[in-house]
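**Student:** There's a structure below that I have some questions on.
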């Protein structure tokens, strides 16, 4: 009994922090999403009108409404970034875990992977501008070699640049958990697969991938949750021309449309939680960790 009480007392500070900085803000956002707003004030009330207004016009015409287009655009970026970061993250983690034998070399290369995190996200995004711009290094180089006659417009302030920036910023969130899972794999299993006549690809697909699924799921959760709510990257690399749900929330907040922004935030949160729930059905993370 005394041991249980001690455990509860030890968990109390973390519980208070969790409630203060996560639970209460979420409750506040959910509450504000049901308020009414005028040009001059917020009126505490309980109304579902804000949620109705979010999907205003959807279903009334043959064309897809703006809200659904925005959500589909967000899902598109989320899927592309998840897929690319997964492929890159798995390849890098596999190389570090199975091809680098020295622990010192593994540590050094792993630190090199974290170098981009030593600067802010904004600086890392802006660094792409002189490279991808109309008069940037790539366009000037291609024109100098005679491969193109005019600058390539879609390199910057486009879907391509947004995905590129996302991959640059968040691939590390995929590398770390996958690498951690791969380091736990018993090397005897790899040797047994090779001795049984399995090819390299068969060993990776039938042994490494299943045993790395915890890291893959955790990395996927990190990447998906960050990309779904990101608006800074889309704003900077999209030239303020590409819409996302996070960008809509940011714009509504800047215009003091807090109830509408809160309603959009609640819907986005529920969709993201459903995606995370779907990922956790693939593997029970609590048992695997």
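The values are calculated or read from the model by the stated rules, or taken from the named source; none is laboratory data. These numbers were taken from a predicted model, which means no experiment stands behind them. Heads up, the Cβs are rebuilt from the backbone with ideal geometry, glycines too, and the neighbour counts pull from every protein chain shown.
**Student:** With the structure loaded, tell me whether residue 240 is part of a helix (DSSP H, G or I) and at pLDDT below 90 or whether it fails that test.
**Tutor:** Judged against the criteria, residue 240 is not a match.
**Student:** For region 214-227, check the following and say yes or no: at least one residue is over 18 Å from residue 89 (Cβ atoms) and crowded, with 16+ Cβ neighbours inside 10 Å.
**Tutor:** no
**Student:** Of the conditions (1) closer than 29 Å to residue 234 by Cα; (2) modelled with pLDDT under 90, residue 80 fails just one. Which one is it?
**Tutor:** (2)
**Student:** In region 244-275, which residues are in a helix (DSSP H, G or I) and exposed (fewer than 14 other Cβ atoms within 10 Å of the Cβ)?
**Tutor:** Across region 244-275, the qualifying residues are 254, 270, 273, 274.
**Student:** Among the listed residues 203, 171, which satisfies the condition of being closer than 28 Å to residue 115 by Cβ and crowded, with 19+ Cβ neighbours inside 10 Å?
**Tutor:** 171
**Student:** Does residue 45 satisfy the condition of being exposed (fewer than 13 other Cβ atoms within 10 Å of the Cβ) and assigned to a helix (DSSP H, G or I)?
**Tutor:** no
**Student:** Please go through region 107-135 and give me each residue that is surrounded by 17 or more Cβ atoms within 10 Å (Cβ to Cβ), in a helix (DSSP H, G or I) and without any contact (Cβ under 8 Å) to a residue 60 or more places away in the chain, ordered by number.
**Tutor:** The one that is surrounded by 17 or more Cβ atoms within 10 Å (Cβ to Cβ), in a helix (DSSP H, G or I) and without any contact (Cβ under 8 Å) to a residue 60 or more places away in the chain: 132.
**Student:** Oh, and also: Of the conditions (1) touching a helix residue (DSSP H, G or I) at 6+ places or on another chain (Cβ under 6 Å); (2) crowded, with 18+ Cβ neighbours inside 10 Å; (3) not in a helix (DSSP H, G or I), residue 157 fails just one. Which one is it?
**Tutor:** (1) is the only condition that residue 157 fails.
**Student:** Something else now. Within region 136-154, track down each residue that is in a loop (DSSP other than H, G, I, E, B) and in contact with a helix residue (DSSP H, G or I) (Cβ under 7 Å, 6 or more places away or on another chain).
**Tutor:** Correct list: 136, 148, 151, 152.
**Student:** Pick out the one residue from 221, 190 that is within 26 Å of the chain's Cα centre (by Cα), part of a helix (DSSP H, G or I) and within 22 Å of residue 87 (Cα to Cα).
**Tutor:** The conditions single out 221.
**Student:** Do you know which of the residues in region 48-76 that are part of a loop (DSSP other than H, G, I, E, B), within 30 Å of the chain's Cα centre (by Cα) and at negative phi is modelled with the highest pLDDT?
**Tutor:** Ranking the qualifying residues of region 48-76, first place goes to 48.
**Student:** Filter region 1-42 down to the residues that are surrounded by fewer than 10 Cβ atoms within 10 Å (Cβ to Cβ) and in a loop (DSSP other than H, G, I, E, B), then identify the one that is farthest from the chain's Cα centre (by Cα).
**Tutor:** Once the filter is applied, the top-ranked residue is 1.
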